[in-house]
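Data first, discussion second: the structure below is written as C-alpha cells.
No lab work stands behind these numbers, since they all come straight from the coordinates. For clarity, every value in this text was computed on a predicted model and none was experimentally measured. Here the Cβ is made from the backbone with ideal geometry for all residues, glycine too, and neighbour counts use every protein chain on show.
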Amino acid sequence: MAQTGVQIISVEPGSLAEEAGIRPGDTLLQIHGEAVLDQLNYQYLITREDEAELVLRRPDGSTFSAHVENGGEGIGVDLAQDEVKVCKQNCVFCFVHQMPKGFRKSLYLKDEDVRLSFLYGHFTTLSSSDDAELDRIVRERLSPIHVSVHATEPEARIRVVGNPREGDILRKVDRLLAGGIDVHTQAVVAPGLNDGDIWQRTVADLWARRREGRGSVLSLSCVPVGLTAHREHLPEVQDVDAAFARDWVERWTPEVRKYAKANDGEPWLLLADEWFTRAGVEVPGRAFYSRSWAQLENGVGLVRRFLEHSRRFIKSPRAKGFAGRRVLLLTGSSFAPTLSRVAVELNRAVGSQLRVVAAKNFSFGDSVTVAGLLCGEDLRYAAHADRKDRGERADWVDAVVVPSASLRTTTGPTDQYTLRGAVVREEGTFLDDLTLPDLATDLGVPTVPSGANLSHLLDHLEAADRGAFRGGALQSAFHTAGLNLPQGAYNP
C-alpha cells in the first residue's frame, strides 16, 4: 500500500484546510511525521490528536508545512480514490478465472485488499498482506476483517489457493488475533478438495481461536463452490450437486446448533443459504442465524431475513399498496421458489397479481443460479419470453422487477477504491453494461430494482408511478439496500 502521498481533489470553503492554504491538486505527504498511505490511513492519522502537523506537495513539486488545530476531526478535504490491491492467489475455484470473455475490463480484476475487508466485508485470503501490513491492521484497529481460510491444513490450502507460500494461514490469523483484531472467516467448500477430514480440522482449528474479548475468530461460514460454464484450461473441480448439499445440510445443521450453544447462544458456525437451496430444503428458522445477521453479505441468512420481513409486511396495512398491481418479478432459479411462495401469500392477502419467473443464466451457464450474477441480457430474454407467453401484449404487466443484486452503480470494482479511469454510472448497470433505463425502454414498461424486501419494492413501484428514472439517477430514486454498492469487481 506504500505510495507517495494522497492527492487532494477538493477543499471545503471556510474549512481548516482552506485557512491553512491547502488547495485542490496538493498532495498530502505526511501527518505527524508519518507518511499518508491512503484514505483510511489519513482518517486514522488526522483523528489521532487534537492538532496536526501536515507536510504537502504543490503540483509544481515544492513542499510546504501546515499546522491545524482540528480537535481530532477532519480538516475539510476530499482525497483522490485509492487504487485497489490485487490478489496473488490462483485459487482453483476463483470466479474471475471463470468469467466469460467480452465483459468490461474491471470485471477481470481480483481484488485482495484488507481495506475493503474492513470497510465492506470483502473476504481476503491475506495473500497480499505481509507482516508490515498485518502490523498496520493492528495499529490502526481495522477490526473486524474477513478472511478466506478455505483450509487450515497447509497442504490442502496450497492445493486450493495455488500458492505454495500461503499454506500456513493460521500464522497470519494468529498475528492478527494477538494484536486484538477480530476475524470473520469463511471456507468455500469443494467436494474432494477441502471437505471431509480437512473441513473438520478447519472447524476445530478456528473454533480453538474463538475467545472472549478482543482478538477472536467471531464466525466461520461455509459456502458451496460456485462453478460456471467457462472453465476452459482450469483445474477440474467437482461441483456441489443436490445430493452432496443434502448430505452437508444433514451432517452440519446439528453442528451449527451445537457450536451456538457453546457460544452463549450466538451462532458461530454458519451455513450459507445456497446449501439449502441446492438441497431443495427449507432454510432453518430465525434462531439458526446470528442475532446481528453476521456474514449476511456472504449469503448467510438472506432468505430467512426476507421471509421474516415478508411475513410481517403482509400482515401490515402497508401491504394494501400492492392491491391490483400486475408485476413480473425476475430472479435467479435458486431464489425463485422462495419468492414465488411469498408472492402467492401476498396475492391472496391483498388481491395483487405478482408473478415470479426464474431467469436462465445464459451468460455464466445453468450451474450459476444466484440472482446477483444475472446479466441484463438474461433478464431481457426472460421478460420477452414471458410477454410472448402472454400473447405479445404491450401492457402484459404494469411493471417488471429485476434483482437489486444484479445491478451495479459503478463500472470499476468499488466506489472508494477503484481502477484509474473507472466511471461511476449512477443509473444502474448490469454486469454486461446494459443499464436499467435501457432495459425499461426495451420492455416498454416501468422496470425497477427489487430492493431488499417487499417494503422497498413497493416504494420503488410507487416511485415508478411518479415517473422515477425519467432523467433521474438510481440512488436518488430507489433504495440502495441490496445493490452491489460498493462491492468488488464481481460478486459471487
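Tabulated data for the structure shown
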{"read-out": "Share, in percent, of DSSP beta bridges within the chain that are antiparallel, nearest 5", "value": "40 percent"}
{"read-out": "The chain: radius of gyration over Cα atoms, expressed as a fraction of 2.2 N^0.38 Å", "value": "1.04"}
{"read-out": "Extension reserve of the Phe362-Val86 stretch, reckoned as 0.36 nm per residue once the Cα distance is removed", "value": "96.5 nm"}
{"read-out": "Qualifying aspartates and glutamates (Cα of each under 14 Å from Cα of Lys258; at least 8 residues distant if same chain)", "value": "Glu250, Glu266"}
{"read-out": "Ascending count of other beta-carbon atoms within 10 Å, so fewest first, for Thr447, Thr441", "value": "Thr441, Thr447"}
{"read-out": "Under 18 Å from the Cα of Lys110 - lysines, other chains or at least 8 residues apart", "value": "Lys85, Lys88, Lys101"}
{"read-out": "Ellipticity estimate at 222 nm from DSSP helix runs (n ≥ 4, -39,500 (n - 2.57)) divided over the chain, nearest 500", "value": "-9000 deg cm²/dmol"}
{"read-out": "Cα Rg, Dmax, the range 96-300, angstrom units", "value": "16.9, 50"}
{"read-out": "Charge dipole (debye, nearest 20) of the range 62-209; +1 at Cβ of Lys and Arg, -1 at Cβ of Asp and Glu", "value": "500 debye"}
{"read-out": "q = 0.11, 0.14, 0.15 Å⁻¹: log10 I(q)/I(0) that the Debye formula gives for the range 4-150, counting C-alpha atoms only", "value": "-0.53, -0.77, -0.85"}
{"read-out": "Estimated distance in nm for a label pair at His309 and Arg141, the labels positioned 7 Å out from Cα along Cα-to-Cβ", "value": "3.1 nm"}
{"read-out": "Within the range 298-377, trypsin sites (Lys or Arg not before Pro) in DSSP loop having at most 14 other beta-carbon neighbours inside 10 Å", "value": "Lys315"}
{"read-out": "Alpha carbon centroid spacing (whole Å) that separates the range 283-318 from the range 119-197", "value": "28 Å"}
{"read-out": "Partner aspartates and glutamates for Lys388 [C-alpha distance under 13 Å; skip if fewer than 8 residues away on the same chain]", "value": "none"}
